[in-house]
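Note sheet for the following structure.
Since every read-out is calculated from the coordinates, none of them should be taken as a lab result. These numbers come from a predicted model, not from an experiment. Positions of Cβ are generated from backbone atoms using ideal geometry, with glycine treated the same way; all protein chains shown enter the neighbour counts.
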Amino acid sequence: MTSLPEITSAERAVADLLPIGADPEEARRVLARVPLWFHTFALNTERGLYTPGVARDHRYRVPLLPASFAGRRVLDVGTFDGFYAYLAEHRGATRVVAVDNEQYTAWVKARWGVVLKGGEGFRAIGALLGSRVEYVRGDALTLPDTGERFDVIFCFGILHRVENPLGLMRALGERLAPGGRLLVETYGIAHDGRVDERAIEVQQRGGIYPGDEFVYWGFGAGGLTALAGLAGFAEARIEATPTIDGHPRVLGALVRPSG
């Protein structure tokens, strides 16, 4: 079993955007009950109680997020523990739906030797917050279309993990309201220290993270914008191309046509 990382100031900086303020004893019970956390949550900052999230330094995602979601409907695809769904609710979203097919249970077991049933962390945080975020277990490509449309959709860390990234982008674009935005963060391509501007790279099985066989692609910035055009988006802006813990990332905002 691989040892889990310590909570650093970088993880706390993101977690503190969503101060939960839980009762210390309840926070400790939650920490003991959930076998593994992906996201770092600030359960009780006064007592220094944080969940030990295995995701490293998500500060690079924060500038992509609106400061206010007031009046907006939000869909979070691949939510895992739900940090971004709950943050959108905290920042005023009128409705938030969080979707996950819980594929992560397989790679968590392979990578860390921890068995998850799926949704444990999400439900625990939702209970502490008294949240109204709706959780849907399922694949975003095959969810039934209820006719609901969203102003903002998060697709963080997911596009490189699906076998059909173009199909997913099209499906999510269809769930956007006119003029709505799909916020994407995905694995990038680095060649000699720069992001390849016009390519999509096929990854080797297990070649990115030890024991993780579900990373299929790396996207150049130009490759991502070209894919967005094929998916029918009116605009695709590349917001950042950072390298985090040795791994290249591409962040973009894709806009659905307003008409």
Just want the ordering: TRP37, TRP112, from fewest to most Cβ atoms lying within 10 Å of their own Cβ. TRP112, TRP37
Between THR146 and ARG12, what FRET efficiency comes out of the Förster formula 1/(1 + (r/R0)^6) with R0 = 51 Å and r the beta carbon distance, rounded to 0.05? 0.85
Inter-probe distance in nm under a simple model that places probes 7 Å from Cα toward Cβ, at ALA32 and ASP245: 2.8
Need one number for region 161-246: average projected area of the convex hull over its C-alpha atoms, nm². 5.9
Could you give the nm distance between label points at ARG47 and LYS117, where each point is 7 Å from its Cα heading toward the beta carbon? 2.4
Select from region 1-98 those GluC sites (Glu not before Pro) which occupy a DSSP coil region and have at most 12 other Cβ atoms within 10 Å, ordered by residue number. GLU6, GLU46
With x for Gly and Pro, the residue-by-residue ³J(HN,Hα) of region 142-156, computed from phi through the Karplus equation 6.51 cos²θ - 1.76 cosθ + 1.60 at θ = phi - 60° and given in whole Hz, is 10, 5, x, 7, 8, x, 6, 10, 10, 7, 9, 10, 8, 9, 9
Using amide H atoms built in the peptide plane, which far-off residues or other-chain residues are under 5 Å from VAL96 H to H? VAL74, GLU134
Can you sort VAL54, VAL74 so the residue with the fewest Cβ neighbours within 10 Å comes first? VAL54, VAL74
Determine ³J(HN,Hα), in whole Hz, for all residues of region 247-259 in sequence, where each value follows from phi through the Karplus function 6.51 cos²θ - 1.76 cosθ + 1.60 and θ = phi - 60°; x replaces Gly and Pro. 10, x, 10, 10, 10, x, 10, 10, 10, 6, x, 7, x
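Kirkwood hydrodynamic radius of the chain from all distinct Cα pairs, in Å?
18.7
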